[in-house]
Each structure stands twice: as C-alpha cells, then as structure tokens.
Amino acid sequence: MLGNDKARKPEDLTRLFVERANSGDAAGIAALYEEDAVMAYPPGGQTVGRDAIAKLWEKVLASAPHFEQEPPL
C-alpha cells in the first residue's frame, strides 16, 4: 500500500482512488472500504469484504487501466 493517507472529506476519496489505482495499489484501494463493505460488482453480483475487494482490484489493475480524477460535484 502506498501510504496510510485517509480520506478526510468526501472529495478525498476520488483523489486517493485515482492515485492508488494508477500506481497498481489494489490493497490501497481496498483500504478505502470498510472491513465488511459490499461492492455491487461484478454486474449482477457482489464482492463482500475488504480482502475480496482487494483481490477484485488486483484482477482489474492487472490490465493497467488509467484513471483520471474528475472535479467534485
């Protein structure tokens, strides 16, 4: 994990996600979720728990996608 920087306000989540995703840090992305979080992914399914979310992001990040930060709403 890149760091233990935490979101202090909602707008921080996007920045932290983009930074961690673009550096291939699946564990860092998963750390943004609560330990027992539920992700509505894959389509029609669920990914339950931080460990499972980290594994999911490892698979997604293996293809080295690039993310751009959008301005907050």
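Computed from the coordinates by the stated procedures, all read-outs in this text should not be read as laboratory data. What you are looking at is a predicted structure, and each value in this text was computed from that prediction instead of being measured. With ideal geometry, Cβ positions are generated from the backbone for all residues, glycine too; neighbour counts draw on all protein chains shown.
Key figures
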quantity	calculated
DSSP-loop GluC sites (Glu not before Pro) across segment 3-73, with at most 10 other Cβ within 10 angstrom	E34, E35, E68
Cross-link partners of K55 among aspartates and glutamates (Cα-Cα below 19 Å; sequence separation of 8 or more within a chain)	E19, D25, E34, E35, D36
Percentage, to the nearest whole number, of Cα pairs in the chain over 19 Å apart	34
Assigned charges on the beta-carbon of Lys, Arg, Asp, Glu; the chain dipole about Cα centre (debye)	40
Structure-based [θ]222 nm, the chain - -39500 (n - 2.57) summed over DSSP H runs of at least 4, per residue, nearest 500	-12000 deg cm²/dmol
Estimated FRET transfer efficiency when R0 is 22 angstrom, pair R8-E70 (beta carbons, to 0.05)	0.70
